[in-house]
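**Q** Dumping the structure here so I can ask a few things about it.
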Amino acid sequence: MFGKAKKKKSEELDEQFEEVYKEIRAIDDWDDPRKIEHYILDSCEQIITLTKEVEGEKKSLRVINSYIADVEKIENLPADKRKEISETAGKVTDLAKSRNDYLKKDKKVTDSVFTLMQQYDDTMPEEIVRMQNNENYQEKIRRDMATLEGERGEARYEIEGNRKADRLLGRFSIFALVVFALFFFILMAVRMQTDIDVSNYMLVFLLAGGVTGLLIFLRQSALRKERRARIRQMNQTTSLLNSVRVKFATVSRALESEKTRFEVGSSYELNYKWEAYLAAVREQEQYMADNEDLEYFSGKLMRLLAPLDLYDRKIWLSQPASLVKGSDMEKVKEELLARREKVTQEIADDTESVKSERDEINRLMREHDYYVPEILEIITSVDRLCGLAGK
């Protein structure tokens, strides 16, 4: 969380030194100056490396101590000052969370849809209403077409029935004529062959034939009149149907043009995309507002922390939640103290390793009486560099 430096565990260092000691103990010919010189130089390099590690750890320790001092300064503030900082940090925390939530949230609309809706931002409500009206009008015309188709079909069926009835009546009239002719000839034959008076029968027969013929004539006339009326009605229905079909084609072309333009299949889908676009715009506006507010409250938090002369006040912008509750601040302090203890122990371990390595160099030089001026000069330089001179 706070400044970190690269560390080397004491166990690993001990293992490395042990390997070096094993190699040294394995040397058969200690009288070879080159071998002694080689291990002394290796040890000097190890000391320099370890010293750099110690310096890095000391720097890290200084940073940790500075952060601990910062925490204590904030904890020791008067209640009113502490409250103001806490409230401001809370605002920064909430705004940062809102912004991050927006950035993580899946987009409700694609970029292409957003751009398309943005082009019609001023007219889209009217476009949706127009498309809905066209869909409603198209559906009404479709129902009218179905009704007219039904009426035309019914008229066609009735005309065909009328024609069948007319043909049947024609056949019946021929049949009746044949029957009347047959009876007439029978009556004439009876009159001529016998003395029976058939005048009355003839009169009744002629009267019946006349009435039957008249009824047939009247019925055929009625059928023809009805058929002409139904044909006129069917023609009118067909004409109206053709007109309605033209309207249907016109509104259908308009709808297809709108669907193509807005890349939708219906006004419902267009309205859905529009609502999603509006929601995205509101979220975008909220995001921009949050950014402005976050910038303001972040600046305010820095201004509130400025008089405390902290080591690094900007670090609190990355973790403002720690300033909100005292318990969170206490956790931060505990982590820093644990980190300081660990780094302190690492410094002690590495320092001890440096001393051990330097003692090993002195031991080799004493045991083998190896005091070459060039090597002594290198060792003296390493001592100065590592702060071991006079130790």
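**Q** Is there any pair linking a residue in the range 158-183 that is farther than 25 Å from L207 by Cα to one that is open to solvent by less than 90 Å² (accessible area, probe 1.4 Å) and basic (K, R), with Cβ under 7 Å and at least six apart or on different chains, and which?
**A** Final answer for the pair search is E158/R230; I159/R227; I159/R230; N162/R227; N162/R230; R163/R227.
**Q** How many of the residues making up the range 247-268 are in contact (Cβ under 8 Å) with a residue 60 or more places away in the chain and not in a helix (DSSP H, G or I)?
**A** 2
**Q** Does Q118 satisfy the condition of being under 30 Å from E295 (Cα atoms) and in contact (Cβ under 8 Å) with a residue 24 or more places away in the chain?
**A** Yes.
**Q** Also, quick follow-up: Could you list, in sequence order, the residues of the range 144-200 that are open to solvent by 100 Å² or more (accessible area, probe 1.4 Å), at pLDDT 85 or above and either in contact with a Pro (Cβ under 9 Å, 6 or more places away or on another chain) or more than 22 Å from E226 (Cα to Cα) (or both)?
**A** none
**Q** Separate question: Scan the range 288-329 for residues that are open to solvent by 50 Å² or more (accessible area, probe 1.4 Å), polar (S, T, N, Q) and outside any helix (DSSP H, G or I) and report the count.
**A** Result for the range 288-329: 1.
**Q** Whether any residue in the range 219-236 is more than 30 Å from R152 (Cα to Cα), modelled with pLDDT of 80 or more, part of a helix (DSSP H, G or I) and among the hydrophobic types (A, V, I, L, M, F, W, C) is what I want to check.
**A** No.
**Q** Would you confirm, using the coordinates I've provided, whether T212 is under 34 Å from the mean Cα position of the chain (by Cα) and either closer than 30 Å to Q236 by Cα or assigned to a helix (DSSP H, G or I) (or both)?
**A** No; evaluated as a whole, the condition is false for this residue.
**Q** Next question. Please verify whether the range 113-133 includes one or more residues that are under 30 Å from Q236 (Cα atoms), at pLDDT 90 or above and under 43 Å from the mean Cα position of the chain (by Cα).
**A** Within the range 113-133, one or more residues are under 30 Å from Q236 (Cα atoms), at pLDDT 90 or above and under 43 Å from the mean Cα position of the chain (by Cα).
**Q** Then there's this: What number of residues within the range 330-344 are open to solvent by 100 Å² or more (accessible area, probe 1.4 Å) and in contact with a helix residue (DSSP H, G or I) (Cβ under 9 Å, 6 or more places away or on another chain)?
**A** 1
**Q** For the structure I just gave you, tell me whether V92 is outside any helix (DSSP H, G or I) and of a type in the set (V, I, T).
**A** So V92 does not fit the description; no.
The values are calculated or read from the model by the stated rules, or taken from the named source; none is laboratory data. For clarity, every value in this text was computed on a predicted model and none was experimentally measured. Note: ideal-geometry Cβ built from the backbone for every residue, glycine included; neighbour counts use all protein chains shown. With ligands, DNA and RNA removed, areas are computed over all heavy atoms of the protein, side chains included. Shrake-Rupley method; radii C 1.70, N 1.55, O 1.52, S 1.80 Å.
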